[in-house]
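Novice: Got a structure here, written out as structure tokens. Questions coming.
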Amino acid sequence: MKTRRQFIKISTAGAGVAALGLHSLKVKGLNLLGEENTEEPVSDEDMTATPTYCEVCFWKCAGWTYVDKKGRIRKIIGNKNDPHSNGRMCPRGTGGLGMYNDENRLKTPLIREEDDKGHQYFRKASWDEALNLVAANMNKLRKEHGPECMALFAHGTGGKIMSHLIKAYGSPNITAPSFAQCRGPREVGFFATYGEGVLSPERTDIRDTRCLVLIGSHIGENMHNGQIQEMSEAIDNGATIITVDPRYSTAASHSRYWLAIKPATDIALLLAWMHVIIEEELYDKAYVEKYTYGFGELKAHVKDKTPEWAYGITTIEPDVIRRTAREMAGAAPSVIVHPGRHVVWYGDDTQRSRAIAILNALLGSWGRRGGLYNPEKVHLPSYPHPPYPKPKRSWRDAFPKGKYKLASEVLTSGICDATIPNPEWDCHLRGWIVYGTNLMASLPDQKKTLQAIHSLDFLVVIDTMPMDITGYADVILPECTYLERYDILRDSPHREPYLALRMPAAKPKYETKPGWWIAKQLAHRLGLDDYFKWDNIEEMLEWQLKQKGSSLEEMKRIGVKKFHREYDDLYNLQNLEDCEFNTNTGKIELYSTELEEEGFDPFPDYTHHPEPPEGYYRLNYGRAPMHTFSRTVDNHNLWDLMKENKVWVNPKVADLWNLKNGQEVWLKNQDGIISIFPIKVRITERIRWDSVYMVHGFGQDNKKLTRAYGRGANDTHLISKVMEDPIMGGTGMRGNFVTFLKEAPANNRKEDKA
Amino acid sequence: MAIDTNKCVGCADCVVACQTENNVPHGFSRDWIVENVAGTYPNLNMNFRSERCNHCDNAPCVRCCPTGASHIAEGGIVLVTHDDCIGCSACIESCPYDARYVHPDGYVDKCTFCIQRIDKGQNPACVDVCPTHCLHFGDLDNPNSEVSLALKNRKWYVLAPEAGTKPQLYFLT
Ligand code: SF4
Ligand code: SF4
Ligand code: SF4
């Protein structure tokens with residue numbers, strides 16, 4: 001018998017289907033609920049469904065958690081009235097119960113101890129003891145150095161309540177990797193152009209578009225649920241998809257045009273597209289005239305940026321550049337040049353985002369149906385509390401005046417810098433709370449991260465799983481998963497304003513506690529009770545919902561509630577309506593006066609970026625639809641689908657190095673950093689010969705993650721060179737190069753795995 | 001069932017939804033994804049297929065089953081009665097699509113089209129979860145069903161037609 005019982009059968013390139021990698025796992029009689037059980041499926045009527053919204057990624061899809069008569073969570077199904085999920089969770093959301101069932105979860109508070117031999121270990125502690133210890137440290141720090149010496153890294157929904165705590169405590173240093181390591185340049189670039197950001201979920205009207213242009217944005221591999229669903233709808237409606245990506249992504253395979261661009265040259269292509277659209281007079285004249293500032297200058301700026309010029313840089317043929325530009329213009333204004341999400345690539349990312357913003361303006365797609373719509377959110381009043389204290393200093397004081405002025409959010413890297421003692425800056429940050437973000441997998445330049453961590457007086461980690469970052473904590477506070485807790489209401493912007501409720505479907509397992517409870521307990525110990533005047537979060541939610549004419553009881557029943565728009569129309573520029581933009585000129589700034597004021601180029605320009613040296617390959621990384629960064633790698637349901645990442649290698653490169661499919665190699669980067677664990681080779685035509693690719697989030701180094709430990713390589717570890725965006729401090733990560741080591745290096749930890 | 005390979009992104013949501021719906025043990029699955037890549041860089045073609053039991057009209061697994069546990073139920077759905085199955089695996093050998101596995105509890109298991117859901121007029125779990133709406137389920141005998149219409153208006157193929165099993169999964173291209 002062929003053993004082909006595995007989930008993802010990956011074929012080798014060019015040869016039709018060939019199954020690779022065999023499923024060897026044989027768990028005797030263990031079902032998804034982690035117990036011996038042969039029960040037949042339970043029908044929906046025999047279960048209770050409680051509303052939730054997903055926390056496996058930032059898309060926050062609303063759904064229902066189904067619990068059977070024995071109180072066990074059986075499945076999670078999307079809420080049909082929710083525009084984020086439309087009744088369909090993504091694989092991670094569907095598999096979210098694996099997070100709840102994970103036996104490797106953090107179970108009790110832990111406190112770092114040291115024995116007489118200097119050996120450090122974690123000791124189980126009671127909540128009281130752990131919270132007292134955190135509060136004692138924070139009280140001491142506030143007294144001796146001021147509350148501004150505290151920083152919070154927060155990710156996800158629960159981060160909001162922690163932020164409230166830290167603001168009440170008096171620190172402005174609240175950060176998340178989602179800005180400087182992800183979408184920051186896009187927000188700053190669009191803000192400079194339109195006086196507004198792109199927001200999350202993105203304001204892209206993919207559902208109604210006639211042409212979708214993706215620049216390195218791999219929808220389908222990044223599982224941004226609503227976008228995938230809408231892209232599929234757009235395919236049904238015959239929309240043209242143009243994908244620009246050096247890798248043959250899933251999106252590329254669904255596209256009419258795949259532009260296999262040379263890495264790091266996107267701005268040249270964008271300028272050439274502008275050139276064609278302007279020179280051939282394909283732009284939206286009335287729109288450009290009415291709304292934009294600096295068209296004449298832009299025209300002059302791109303005069304010589306011909307497709308022939310771009311061809312030499314991008315390797316995209318002039319004819320293809322012209323054809324695709326005409327396709328976009330033909331579909332305008334129902335066209336989206338997608339702003340992307342993870343856009344920190346080469347350090348000129350704000351400028352690339354600007355180029356995308358300008359192109360959309362030329363096509364007249366901002367504020368138009370099938371383009372970029374005008375989102376609206378519910379304005380939820382916060383539960384009454386005293387004003388926050390005014391901080392006397394911030395992380396910015398660690399830098400020369402004016403640096404990162406255009407960073408509209410706090411930089412994680414800036415917090416690291418401000419934490420490392422520096423003679424110029426006498427009050428470095430001394431305490432961190434890291435909530436729900438695994439900094440070891442999200443921040444590049446681990447040397448700096450570790451240097452900052454080692455400079456701290458104390459580090460508190462709040463998480464559900466023993467991720468790598470927990471290994472550095474002084475105190476670990478175990479949070480329960482999103483399926484076991486209330487959280488604040490979801491009020492993200494969308495076509496219509498919506499609220500969504502998350503409520504517990506089961507009691508917290510082990511000794512875990514909800515984030516809101518942890519924040520409130522700490523507040524009490526820090527003398528900040530006035531900021532948490534509610535007894536439990538239900539009281540707070542009830543109050544907020546009442547202000548909006550709803551109630552907790554109603555939300556428990558429906559999960560998601562739609563409200564009416566109160567402001568402008570969804571397509572507020574559809575018929576050239578008057579509009580004043582939130583920019584210096586009140587116009588859409590093709591020419592950015594804001595950037596000019598700060599000493600930056602008012603127009604995007606192409607700069608040549610370093611290329612891989614001989615024998616090295618550009619390290620490219622991305623997403624797989626069944627995982628969210630490192631957060632899900634230990635989730636049994638999702639681990640079943642994908643257990644490790646592989647390094648994608650073009651067949652020509654494989655020949656050169658005599659690499660075989662499935663062979664384990666170590667990767668060494670330009671700075672001599674070698675991957676801790678080996679990674680298997682995947683030989684595929686889907687990648688260029690000058691690059692390699694791997695899915696981000698693997699290669700976890702914490703043995704407590706029994707499934708994920710040592711599986712694959714951690715791309716972040718290999719990203720030691722950061723190409724910083726001078727405009728807003730984004731950490732460009734695509735300028736790292738790796739080579740292959742076929743023999744185990746000295747730092748190899750493969751044996752540990754056994 | 002018809003599967004639109006122009007839209008599938010290979011996300012495996014259909015696999016997880018099946019596992020949670022049907023309580024499939026870890027390490028096993030009733031449906032799975034195949035990725036096909038053809039060509040050389042940059043002239044490439046790729047699609048994904050969500051595969052499962054083909055519920056063959058002429059099912060070798062049913063013919064070779066010594067106990068009658070494998071049978072064709074009403075509506076053409078091929079099922080295994082767990083209590084009658086002795087786990088001899090003859091059906092596994094006979095299936096050209098490798099759609100069956102031995103459940104750790106000793107019987108042979110495979111896709112049932114979520115019979116418990118269809119009985120109530122619902123779709124199979126994989127169909128209802130798919131974010132790209134690329135799975136279509138319905139009655140092939142009804143010329144106006146979504147599936148029949150899709151097959152009428154689109155190009156499609158079946159897997160291993162040469163095996164003569166008359167498979168009932170249609171892949172739209
Ligand atoms: S996209 Fe998937 S993981 Fe993200 S919130 Fe939605 S269901 Fe959860
Ligand atoms: S859920 Fe849909 S898109 Fe995802 S793999 Fe299955 S069939 Fe394809
Ligand atoms: S696919 Fe295999 S298991 Fe399913 S009916 Fe056909 S032969 Fe039987």
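The values are calculated or read from the model by the stated rules, or taken from the named source; none is laboratory data. Here the structure is a predicted model, which is why all the values come from computation and not from measurement. Reconstructed Cβ throughout: ideal geometry from the backbone, glycine too, with neighbour counts over all protein chains shown. Remember, those area values only see protein heavy atoms, side chains included, never the ligands or the DNA or RNA. Shrake-Rupley method; radii C 1.70, N 1.55, O 1.52, S 1.80 Å.
Novice: Which members of the stretch A:369-400 meet the condition of being of a type in the set (Lys, Arg) and assigned to a loop (DSSP other than H, G, I, E, B)?
Specialist: Filtering the stretch A:369-400 for residues of a type in the set (Lys, Arg) gives A:369, A:377, A:390, A:392-393, A:396.
Of everything in the stretch A:369-400, those that are of a type in the set (Lys, Arg) and assigned to a loop (DSSP other than H, G, I, E, B) turn out to be A:ARG369, A:LYS377, A:LYS390, A:LYS392, A:ARG393.
Novice: Taking the stated definitions as given, is A:LYS447 over 29 Å from A:CYS54 (Cβ atoms) and either in contact with a Phe, Trp or Tyr (Cβ under 8 Å, 6 or more places away or on another chain) or assigned to a loop (DSSP other than H, G, I, E, B) (or both)? Quick ask: steps written out before the conclusion?
Specialist: Details: over 29 Å from A:CYS54 (Cβ atoms): yes; either in contact with a Phe, Trp or Tyr (Cβ under 8 Å, 6 or more places away or on another chain) or assigned to a loop (DSSP other than H, G, I, E, B) (or both): no.
The answer is no for A:LYS447.
Novice: Please count how many residues of the stretch A:414-436 are under 24 Å from the mean Cα position of the chain (by Cα) and more than 21 Å from A:GLY471 (Cβ to Cβ).
Specialist: Looking only at that region, the number is 3.
Novice: If I filter the stretch A:619-644 down to residues being crowded, with 23+ Cβ neighbours inside 10 Å and of a type in the set (D, E, K, R), which single residue comes out as nearest to the other protein chains (Cβ to nearest Cβ)?
Specialist: Here the residue is A:ASP640.
Novice: Further question on the same structure: If A:GLY586 satisfies every condition in (1) touching a residue at least 24 places away in the same chain (Cβ under 8 Å); (2) closer than 30 Å to A:VAL188 by Cα; (3) open to solvent by less than 30 Å² (accessible area, probe 1.4 Å) but one, which is the exception?
Specialist: (1)
Novice: Moving to a separate point now. Does A:LEU545 fit the bill of being closer than 21 Å to A:ASP82 by Cβ and hydrophobic (A, V, I, L, M, F, W, C)?
Specialist: When the stated conditions are applied, A:LEU545 passes them.
Novice: Related question: Keeping to the stretch B:144-173, report how many residues are away from every other protein chain (no Cβ under 14 Å), within 16 Å of ligand 2 (Cβ to nearest atom) and in contact with a helix residue (DSSP H, G or I) (Cβ under 9 Å, 6 or more places away or on another chain).
Specialist: The initial filter retains those residues of the stretch B:144-173 that are away from every other protein chain (no Cβ under 14 Å), namely B:144-145, B:147-148, B:151-152, B:155-156, B:158, B:161-170.
Adding the requirement that they be within 16 Å of ligand 2 (Cβ to nearest atom) leaves B:147, B:156, B:169-170.
Next cut, in contact with a helix residue (DSSP H, G or I) (Cβ under 9 Å, 6 or more places away or on another chain) only: B:156, B:170.
Number of matching residues: 2.
Novice: Of the conditions (1) more than 7 Å from chain A (Cβ to nearest Cβ); (2) open to solvent by less than 20 Å² (accessible area, probe 1.4 Å); (3) touching a Cys at 6+ places or on another chain (Cβ under 7 Å), B:LYS7 satisfies every one except a single condition; which number is it?
Specialist: B:LYS7 satisfies all of (1) more than 7 Å from chain A (Cβ to nearest Cβ); (2) open to solvent by less than 20 Å² (accessible area, probe 1.4 Å); (3) touching a Cys at 6+ places or on another chain (Cβ under 7 Å) except (1).
Novice: Considering only residues that are away from ligand 2 (no atom under 13 Å from the Cβ) and in contact with a strand residue (DSSP E or B) (Cβ under 8 Å, 6 or more places away or on another chain), look in the stretch A:86-100 and name the one that is most open to solvent (accessible area, probe 1.4 Å). Show your work before the answer.
Specialist: To start, the set of residues in the stretch A:86-100 that are away from ligand 2 (no atom under 13 Å from the Cβ) comprises A:86-87, A:96-100.
Narrowing further to those that are in contact with a strand residue (DSSP E or B) (Cβ under 8 Å, 6 or more places away or on another chain): A:86-87, A:96-97, A:100.
Working: A:ASN86: 69, A:GLY87: 12, A:GLY96: 0, A:LEU97: 2, A:TYR100: 23 Å².
The qualifying residue most open to solvent (accessible area, probe 1.4 Å) is A:ASN86.
Novice: Another one. Do we have A:THR437 as modelled with pLDDT under 95 and either outside any helix (DSSP H, G or I) or open to solvent by 10 Å² or more (accessible area, probe 1.4 Å) (or both) here? Can you show your working first?
Specialist: Numbers: modelled with pLDDT under 95: yes; either outside any helix (DSSP H, G or I) or open to solvent by 10 Å² or more (accessible area, probe 1.4 Å) (or both): yes.
In short, yes.
Novice: Restrict the check to the stretch B:32-52 and report whether at least one residue is at pLDDT below 95, more than 16 Å from ligand 2 (Cβ to nearest atom) and among the small types (Gly, Ala, Ser).
Specialist: No, because not a single residue in the stretch B:32-52 is at pLDDT below 95, more than 16 Å from ligand 2 (Cβ to nearest atom) and among the small types (Gly, Ala, Ser).
Novice: For A:ARG74, state whether it is assigned to a loop (DSSP other than H, G, I, E, B), within 11 Å of chain B (Cβ to nearest Cβ) and open to solvent by 10 Å² or more (accessible area, probe 1.4 Å). Steps first, answer last, please.
Specialist: Values: assigned to a loop (DSSP other than H, G, I, E, B): no; within 11 Å of chain B (Cβ to nearest Cβ): yes; open to solvent by 10 Å² or more (accessible area, probe 1.4 Å): yes.
Judged against the criteria, A:ARG74 is not a match.
Novice: Considering each residue of the stretch A:82-122, count those that are in a loop (DSSP other than H, G, I, E, B) and over 25 Å from the mean Cα position of the chain (by Cα), and give that number. Show your work before the answer.
Specialist: Of the residues in the stretch A:82-122, the ones in a loop (DSSP other than H, G, I, E, B) are A:82-90, A:95-96, A:102-109, A:115-119.
Among the residues that remain, those that are also over 25 Å from the mean Cα position of the chain (by Cα) are: A:103, A:107-109, A:115-119.
Summing the residues that are in a loop (DSSP other than H, G, I, E, B) and over 25 Å from the mean Cα position of the chain (by Cα) in the stretch A:82-122 gives 9.
Novice: Still on this structure, please answer the following. Looking at A:ASP208, A:ASP236, can you tell me which residue is free of Cβ contacts under 8 Å to residues at least 60 places away in the same chain, more than 22 Å from A:CYS54 (Cα to Cα) and either surrounded by fewer than 23 Cβ atoms within 10 Å (Cβ to Cβ) or more than 14 Å from every other protein chain (Cβ to nearest Cβ) (or both)? Steps first, please.
Specialist: On the way: A:ASP208 fails: free of Cβ contacts under 8 Å to residues at least 60 places away in the same chain.
Testing whether each residue is free of Cβ contacts under 8 Å to residues at least 60 places away in the same chain, more than 22 Å from A:CYS54 (Cα to Cα) and either surrounded by fewer than 23 Cβ atoms within 10 Å (Cβ to Cβ) or more than 14 Å from every other protein chain (Cβ to nearest Cβ) (or both) leaves just A:ASP236.
Novice: For A:THR684, state whether it is more than 14 Å from chain B (Cβ to nearest Cβ) and either in contact (Cβ under 8 Å) with a residue 40 or more places away in the chain or open to solvent by less than 30 Å² (accessible area, probe 1.4 Å) (or both). Steps first, answer last, please.
Specialist: Working: more than 14 Å from chain B (Cβ to nearest Cβ): no; either in contact (Cβ under 8 Å) with a residue 40 or more places away in the chain or open to solvent by less than 30 Å² (accessible area, probe 1.4 Å) (or both): yes.
Answer is no for this residue.
Novice: Could I ask something else about it? Within the stretch A:401-413, is even one residue in a helix (DSSP H, G or I) and under 21 Å from the mean Cα position of the chain (by Cα)?
Specialist: The first filter runs over the stretch A:401-413 and keeps only residues in a helix (DSSP H, G or I), leaving A:412-413.
Restricting the remaining residues to those that are under 21 Å from the mean Cα position of the chain (by Cα) gives A:412-413.
Among the residues of the stretch A:401-413, at least one is in a helix (DSSP H, G or I) and under 21 Å from the mean Cα position of the chain (by Cα), which makes the answer yes.
Novice: Can you report the number of residues in the stretch B:107-148 which are open to solvent by 30 Å² or more (accessible area, probe 1.4 Å) and within 16 Å of ligand 1 (Cβ to nearest atom)?
Specialist: Counting residues in the stretch B:107-148 that are open to solvent by 30 Å² or more (accessible area, probe 1.4 Å) and within 16 Å of ligand 1 (Cβ to nearest atom) gives 2.
Novice: Would you be able to say whether some residue in the stretch B:74-89 is more than 16 Å from ligand 2 (Cβ to nearest atom), closer than 24 Å to B:PRO161 by Cβ, at pLDDT below 95 and out of contact with any Ser or Thr (no Cβ under 8 Å at 6 or more places or on another chain)?
Specialist: Yes, the stretch B:74-89 contains at least one residue that is more than 16 Å from ligand 2 (Cβ to nearest atom), closer than 24 Å to B:PRO161 by Cβ, at pLDDT below 95 and out of contact with any Ser or Thr (no Cβ under 8 Å at 6 or more places or on another chain).
Novice: OK, next. Can we say B:CYS88 is surrounded by fewer than 24 Cβ atoms within 10 Å (Cβ to Cβ), within 16 Å of ligand 3 (Cβ to nearest atom) and more than 8 Å from every other protein chain (Cβ to nearest Cβ)?
Specialist: Details: surrounded by fewer than 24 Cβ atoms within 10 Å (Cβ to Cβ): yes; within 16 Å of ligand 3 (Cβ to nearest atom): yes; more than 8 Å from every other protein chain (Cβ to nearest Cβ): yes.
Against the criterion (surrounded by fewer than 24 Cβ atoms within 10 Å (Cβ to Cβ), within 16 Å of ligand 3 (Cβ to nearest atom) and more than 8 Å from every other protein chain (Cβ to nearest Cβ)), B:CYS88 qualifies.
Novice: State yes or no: is A:GLY63 within 12 Å of ligand 1 (Cβ to nearest atom), at the interface with chain B (Cβ under 9 Å from one of its Cβ atoms) and in contact (Cβ under 8 Å) with a residue 12 or more places away in the chain? I'd like the intermediate steps shown before the answer.
Specialist: On the way: within 12 Å of ligand 1 (Cβ to nearest atom): yes; at the interface with chain B (Cβ under 9 Å from one of its Cβ atoms): no; in contact (Cβ under 8 Å) with a residue 12 or more places away in the chain: yes.
Answer is no for this residue.
Novice: Quick check: anything in the stretch A:267-289 away from ligand 1 (no atom under 16 Å from the Cβ), within 14 Å of chain B (Cβ to nearest Cβ) and under 23 Å from A:GLY347 (Cβ atoms)?
Specialist: Going through the stretch A:267-289, the residues away from ligand 1 (no atom under 16 Å from the Cβ) turn out to be A:267-289.
When the remaining residues are screened for being within 14 Å of chain B (Cβ to nearest Cβ), the result is none.
Scanning the stretch A:267-289, I find no residue that is away from ligand 1 (no atom under 16 Å from the Cβ), within 14 Å of chain B (Cβ to nearest Cβ) and under 23 Å from A:GLY347 (Cβ atoms), so the answer is no.
Novice: Going by the structure shown, is B:VAL24 away from ligand 3 (no atom under 14 Å from the Cβ) and either assigned to a loop (DSSP other than H, G, I, E, B) or surrounded by 24 or more Cβ atoms within 10 Å (Cβ to Cβ) (or both)? Break it down into steps so the answer makes sense when it comes.
Specialist: Values: away from ligand 3 (no atom under 14 Å from the Cβ): yes; either assigned to a loop (DSSP other than H, G, I, E, B) or surrounded by 24 or more Cβ atoms within 10 Å (Cβ to Cβ) (or both): yes.
Here the answer is yes, as B:VAL24 does meet what is asked.
Novice: Further question: I'd like the full set of residues that are touching a Leu at 6+ places or on another chain (Cβ under 6 Å) and touching a residue at least 60 places away in the same chain (Cβ under 8 Å), limited to the stretch A:431-460.
Specialist: A:GLY431, A:TRP432, A:ILE433
Novice: Test B:VAL37 against the stated conditions and say whether it is in contact with a Leu (Cβ under 9 Å, 6 or more places away or on another chain), among the hydrophobic types (A, V, I, L, M, F, W, C), within 9 Å of chain A (Cβ to nearest Cβ) and surrounded by 21 or more Cβ atoms within 10 Å (Cβ to Cβ). Break it down stepwise before answering.
Specialist: Numbers: in contact with a Leu (Cβ under 9 Å, 6 or more places away or on another chain): yes; among the hydrophobic types (A, V, I, L, M, F, W, C): yes; within 9 Å of chain A (Cβ to nearest Cβ): yes; surrounded by 21 or more Cβ atoms within 10 Å (Cβ to Cβ): yes.
Considered against the rule, which asks whether it is in contact with a Leu (Cβ under 9 Å, 6 or more places away or on another chain), among the hydrophobic types (A, V, I, L, M, F, W, C), within 9 Å of chain A (Cβ to nearest Cβ) and surrounded by 21 or more Cβ atoms within 10 Å (Cβ to Cβ), B:VAL37 comes out as yes.
Condition check ((1) open to solvent by 30 Å² or more (accessible area, probe 1.4 Å); (2) of a type in the set (S, T, N, Q)) across all residues:
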{"position": "A:TRP425", "(1), (2)": "no, no"}
{"position": "A:HIS428", "(1), (2)": "no, no"}
{"position": "A:HIS454", "(1), (2)": "yes, no"}
{"position": "A:VAL461", "(1), (2)": "no, no"}
{"position": "A:ASP474", "(1), (2)": "yes, no"}
{"position": "A:TRP517", "(1), (2)": "yes, no"}
{"position": "A:GLN521", "(1), (2)": "yes, yes"}
{"position": "A:ASP529", "(1), (2)": "yes, no"}
